[in-house]
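Notes follow the structure.
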Amino acid sequence: MSEQQRLVNPFKPTAGMTPPVLIGRETVIDDFMDGLDEGPGAPGRLMRITGPRGSGKTVLLTQLGDIANDRGWTVVNVSGREPLCASIQEQLAHDTRIRSLDIRISLPVVSAEAHLGGPAEELSFREVLTRATRSLTSHGSGLLITVDEVQDASRDEMATIATSVQYMIRQQQNISLLFAGITTGVLDLLNGKGITFLRRAKAEELASIPTDEVARALRKTIEMSGLLVDDDALSYAAGQTHGYAYLIQLVGYYVWREGRRHSRESVTITLADAERGSEVALREFGSSVLETAISSLTKPAVDYLLAMTEDENSSSTSEIARRMGMPASSANTYRRILIERQIIESTAPGFVAFSIPFMREYLLRHRADILARYGA
């Protein structure tokens, strides 16, 4: 095989990268596209996307943004870890579509200059958003705002954005707001004051992807890259992903790489390739995702997690406290820490579960080594 014909791995396990084949999220994509088609106030234009770490929330937001952009909409992407209103205004100030229309938003924040021959005006965030959205709408376009990691966002800023978007919808303007985050964090945010409007957002929970869908996507991606995969290898690799979006990319990446090693002799990925590649993928998932999540925890927080491993599904918080040998009020201190770290989540009053897939299995497998770090 010449250098020009060198096979290139099609899988993208880097966080946030859009994979070649986006699977298991067709319903969400269809809901959003329907929202764009149906006009102001359509359910698909106001959407909350929730799921555990690595379930593909960021990738999905990127895909939806690309769809809106292809339809001529201005897309502003922000993260709950940054000043939201300032970032939105800064992006609007530099957007080529906005600058080509009848309003130019300039810095500093809360400043805008209209193309009306008058002096610059000091505008509120709501007025900036209003002028930009009306201008885009009048030219057959619209504005999409996506907020990732929304559980980390300022409630005050989300309230400001929510009321501004709500006003624009009432004015029949083309605006859409999509926000994504860890399920528990999003629900906590929605319970805050001034955010009632966001509770109406269409809920899209990113569940695990069915194995047969994973298998079809893996085969399509592999074959598009120039390799083939036999049925046993495909079945094994798909099963190892457990329908978890990040693992689909991770397993696909390392299984494909094993197949490329012998591509001069055979372009077909075998069961042995799938087994070797999956082993590497799962090991990397443990070190890059699971270990990273628990590495800075205190001993009592780790004890809380280990107490949870005795249950296959949700755990009773009162039972966890009993297992730890401490009052429920004390154990709840560590529960709150773990929820804030997005390692566990509340499933019902008095019950919690792991929010990161395979954390229970990782803790059970490495229990002795983890405890040894604390001299236990």
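Worth pointing out:
- The residues neighbouring Ile356, those whose beta-carbon lies less than 13 Å from its own, together hold a net charge of 0 under the Lys/Arg +1, Asp/Glu -1 convention.
- Alpha-carbon centroid distance for the pair the stretch 154-182 / the stretch 32-105, whole angstrom: 11
- Spherically averaged projected area of the convex hull of Cα atoms, the chain: 22.5 nm².
- Sulfur and carbon atoms: percent of accessible area, the chain [1.4 Å]: 48
- For the chain, calculated [θ]222 nm from helices alone, where every DSSP H run of n ≥ 4 adds -39500 (n - 2.57): -15500 deg cm²/dmol
- Rounded accessible area of Tyr236 (nearest 10 Å², 1.4 Å probe): 80
- Of Phe354, Phe32, the order by accessible heavy-atom surface (1.4 Å probe, DNA, RNA and ligands excluded), from most exposed downward, is Phe354, Phe32.
- Over all other residues within a Cβ to Cβ distance under 11 Å of Ser278, the charged ones net out to -3, with Lys and Arg as +1 and Asp and Glu as -1.
- Volume per residue for the stretch 228-322 equals 106 cubic angstrom (convex hull of Cα atoms).
- Sequence-distant contacts, meaning Cα pairs under 8 Å at least 6 residues apart, place the relative contact order of the chain at 17 percent.
- Check: the chain dipole with +1 on Lys, Arg Cβ and -1 on Asp, Glu Cβ, in debye: 600
- For the chain, the share of DSSP beta bridges that are antiparallel, to the nearest 5, is 35%.
- Over 25 Å (Cα to Cα) - which of Lys12/Lys299; Lys57/Lys299; Lys57/Lys202 fall in this group: Lys12/Lys299; Lys57/Lys299
- Candidate aspartates and glutamates - alpha carbon under 13 Å from Lys193, same-chain residues fewer than 8 apart omitted: Asp156, Glu157
- A 1.4 Å probe run over the protein chains yields, for the stretch 158-294, 43 Å² of accessible area per residue, whole-number rounding.
- Charge sum, other residues only, whose C-beta stays under 12 Å from Val251's C-beta, Lys/Arg counted +1 and Asp/Glu -1: -2
- Counting all C-alpha pairs of the stretch 306-376, share separated by more than 17 Å (%): 43
The values are calculated or read from the model by the stated rules, or taken from the named source; none is laboratory data. As the structure is a computational prediction, the values presented were derived from the model and not from experiment. With ideal geometry, Cβ positions are generated from the backbone for all residues, glycine too; neighbour counts draw on all protein chains shown. The area values use the complete protein model at the heavy-atom level, side chains included, leaving out ligands, DNA and RNA. Shrake-Rupley method; radii C 1.70, N 1.55, O 1.52, S 1.80 Å.
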